[in-house]
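The structure follows.
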Amino acid sequence: MARLETPTDALRDRALVLSGELGLDSGSWYVRVLEEGRSAGADADLGALVRVYWELQRLTGRADLRDEWRRLADTLWSGQTA
């Protein structure tokens, strides 16, 4: 399994920008976890990243977002760190 090419902090920042642009519920657990982690200076939560990219892909149908959540899920399930 290949490691993530993009650092999870960058993926988190991108996800938060896209979630705001596309109108994801800012009160959903996965958006809150990412925002709180960023505020605390913690590493991005892989489970929340998988979910937010899945939701973004579901809303837009964009293949690049589908590929991203699948890569993140593979990393999460394999136990690798980014």
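Could you grab me the full set of residues in region 23-43 that are in a helix (DSSP H, G or I) and either at pLDDT below 95 or of a type in the set (Lys, Arg) (or both)? Spell out the reasoning first.
Restricting attention to region 23-43, the residues satisfying the condition of being in a helix (DSSP H, G or I) are 29-40.
Across region 23-43, the qualifying residues are Arg32, Arg38.
Shifting gears a bit: Kindly provide the set of residues from region 10-42 that are out of contact with any helix residue (DSSP H, G or I) (no Cβ under 7 Å at 6 or more places or on another chain) and among the aliphatic types (A, V, I, L, M), ordered by number.
Ala10, Val17, Ala40, Ala42
Okay, moving on. Which of the residues belonging to region 36-59 are farther than 25 Å from Gly79 by Cβ and surrounded by 14 or more Cβ atoms within 10 Å (Cβ to Cβ)? First the steps, then the outcome.
Looking only at region 36-59, we keep the residues that are farther than 25 Å from Gly79 by Cβ, and these are 39, 58-59.
Across region 36-59, the qualifying residue is only Leu59.
Of the numbered conditions (1) farther than 21 Å from Gly79 by Cβ; (2) surrounded by 15 or more Cβ atoms within 10 Å (Cβ to Cβ), Leu11 fails exactly one; give the number of that condition.
Answer for Leu11: the failing condition is (1).
Please name all residue pairs, on different chains or six or more residues apart, with Cβ atoms under 8 Å, provided the first residue is in region 46-61 and is farther than 15 Å from Glu21 by Cβ and touching a residue at least 40 places away in the same chain (Cβ under 8 Å) and the second residue is among the small types (Gly, Ala, Ser) and open to solvent by 30 Å² or more (accessible area, probe 1.4 Å).
Every condition considered, no pair remains.
Taking only pairs six or more apart or across chains, which ones have beta-carbon atoms under 9 Å, a first residue in region 16-27 that is within 13 Å of Arg58 (Cα to Cα) and without any contact (Cβ under 8 Å) to a residue 60 or more places away in the chain, and a second residue that is charged (D, E, K, R) and open to solvent by less than 70 Å² (accessible area, probe 1.4 Å)?
Here the result reads Ser19/Glu55; Leu22/Glu55; Leu24/Glu55, each pair linking region 16-27 to a residue that is charged (D, E, K, R) and open to solvent by less than 70 Å² (accessible area, probe 1.4 Å).
The values are calculated or read from the model by the stated rules, or taken from the named source; none is laboratory data. Please read all numbers here as calculations on a predicted model, not as lab measurements. Note: ideal-geometry Cβ built from the backbone for every residue, glycine included; neighbour counts use all protein chains shown. Calculation scope for accessible area: heavy atoms of the full protein, side chains included, ligands and nucleic acids excluded. Shrake-Rupley method; radii C 1.70, N 1.55, O 1.52, S 1.80 Å.
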